[in-house]
1. What are the residue pairs meeting all of these: first residue in the stretch 18-44, first residue outside any helix (DSSP H, G or I), second residue crowded, with 19+ Cβ neighbours inside 10 Å and among the β-branched types (Val, Ile, Thr), Cβ atoms under 8 Å, and 6 or more apart or on different chains?
2. Inside the stretch 1-27, can you point out the residues that are surrounded by 11 or more Cβ atoms within 10 Å (Cβ to Cβ) and at pLDDT 95 or above?
3. Provide a single number: the residues in the stretch 1-17 that are assigned to a loop (DSSP other than H, G, I, E, B) and among the β-branched types (Val, Ile, Thr).
4. When both residues are 6+ apart or on different chains and their Cβ atoms are under 7 Å apart, which pairs have a first residue that lies in the stretch 57-80 and is of a type in the set (Phe, Trp, Tyr) and modelled with pLDDT of 85 or more, and a second that is surrounded by fewer than 19 Cβ atoms within 10 Å (Cβ to Cβ) and assigned to a loop (DSSP other than H, G, I, E, B)?
5. How many of the residues making up the stretch 1-47 are among the aliphatic types (A, V, I, L, M) and closer than 20 Å to residue 72 by Cα?
6. Filter the stretch 102-112 down to residues that are surrounded by 14 or more Cβ atoms within 10 Å (Cβ to Cβ) and not in a strand (DSSP E or B) and give me whichever is modelled with the highest pLDDT.
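The values are calculated or read from the model by the stated rules, or taken from the named source; none is laboratory data. Note that the structure is predicted; figures quoted are calculated from it, not measured. Counting neighbours? That spans all protein chains shown, and the Cβs are built from the backbone with ideal geometry, glycine included.
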Amino acid sequence: MSTSAKHPHIEMATEAQLADLLQAKTADIGQIYLEAHRLLLETLPDVVYATDCTDGMTSYGARQYGYDGWGMAALATHAKWVSLVFMRGTSLKDENHLLEGTGKNMRHVKLRSLEAFARRRPGLQALIEQAVGLNRADEQTNHTPTQDQRKQND
């Protein structure tokens, strides 16, 4: 666990640890979250991830958002849905029209039920695969969105 007093993190949390963090949520929200987490791990078995013990958000990617640059994706719970957030969502080809949002870079998919998750699963997997492709391309060129932002701010 990280030493941050406000937002301690668990690196590579087990499913049991995630379930414990999700106890305050409805059973449906907890199940949707865990199914989305399983999809991310099935699609990216070597992905590095960290879970915020305060809000339950899990960030996925070699460079975690809020740590040292931008991550690839995140899972966040809300009262009536789970958001699968793509940090560079505007760069993804969304052939199934799953992505929502108006931010400069980020987009998200709202997962409101297990049935909706099951229907969207192939499209979600395609988005995850694209997102990791963007990160791998950045790693090969030693380029990160954080570097772009620094240039813009100079």
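1. 22/29; 22/77; 25/77; 44/128; 44/132
2. Scanning the stretch 1-27 gives 13, 15, 17, 18, 19, 20, 21, 22, 25, 26.
3. Counting residues in the stretch 1-17 that are assigned to a loop (DSSP other than H, G, I, E, B) and among the β-branched types (Val, Ile, Thr) gives 2.
4. If the second residue must be surrounded by fewer than 19 Cβ atoms within 10 Å (Cβ to Cβ) and assigned to a loop (DSSP other than H, G, I, E, B), the pairs left are 60/47.
5. 12
6. Across the stretch 102-112, the extreme among qualifying residues is 112.
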